[in-house]
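Below: one structure, written as structure tokens.
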Amino acid sequence: MIEQYLKKRQKIVNEKLSKCQEEFEHNQIAMVEAKNKIIELENSEDVAIKIFSVRTREKEVYKSQEIRDLESRITVYVTENIHNKKEISILENELKTIEECLEEFQNVSRETSDNVTQVTFDTDIVMDHEKQDNVSRETLSVKQMEKAVKRLELCKSLINIDNNRLNLELDMFMKDLLNMIEKNK
């Protein structure tokens, strides 16, 4: 259940990250194009129109207005890119945390299954049926406690990601722990 949640969250964060990166790249390209257009407008000068036409002043006003518009677009792009950089950094950190949690979860799952298999195999060989039941319960209880500690560590790492999910996991953990206590009585 935790693993499914982490994988879904990882997918969502990856999608957000790719959108932010695409928007960042788009804004970079748009800024370069706007700067090139400004340079083109500043350098374009028709000498014949300047000499013989009264409309030159009107054209110059148009040029300066267009340059101001392009400059204001560039500042908007810069502001958006600053925000995108921050968002990308946050998302990359969250993605790193999720990947660490997934890796930890998989390690805990592997260790638990390996340990339970090894303990069961050892107790089958050494003990008779009556002693085997007692040892298996004790070993299983110890393994369950170790698993509980690992699960709490995982929940601790979820604190930074999603508090609501953490509350759900802790509630489920407490129920599992109470059930385990009831079984061992």
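The values are calculated or read from the model by the stated rules, or taken from the named source; none is laboratory data. Predicted model, so just to flag it, every value in this text is computed and none were measured. Here the Cβ positions follow ideal geometry from the backbone for every residue, glycine too, while neighbour counts run over all protein chains shown. Please note that ligands, DNA and RNA were not included when accessible areas were found on the heavy atoms of the full protein model with its side chains. Shrake-Rupley method; radii C 1.70, N 1.55, O 1.52, S 1.80 Å.
Can you give the accessible area per residue of region 65-106, in Å², using a 1.4 Å probe?
I get 64 Å² per residue for this part.
In nm, to one decimal, how far is the Glu15 label point from the Arg68 one, both placed 7 Å along Cα→Cβ?
In this crude label model, Glu15 to Arg68 measures out at 4.3 nm.
Structure shown: which of Lys150/Lys183; Lys147/Lys175; Lys7/Lys183; Lys7/Lys150; Lys35/Lys85; Lys7/Lys175 lie over 26 Å apart, alpha-carbon to alpha-carbon?
Lys7/Lys183
In nanometres, what is the gap between the two model label sites at Glu103 and Ala30, each 7 Å from Cα along Cα-to-Cβ?
3.7
Under a no-solvent Debye model with one identical scatterer per Cα of region 1-40, what's log10 I(q)/I(0) at q = 0.19, 0.34, 0.35 Å⁻¹?
Summing over Cα pairs of region 1-40 leads to -0.62, -0.96, -0.98.
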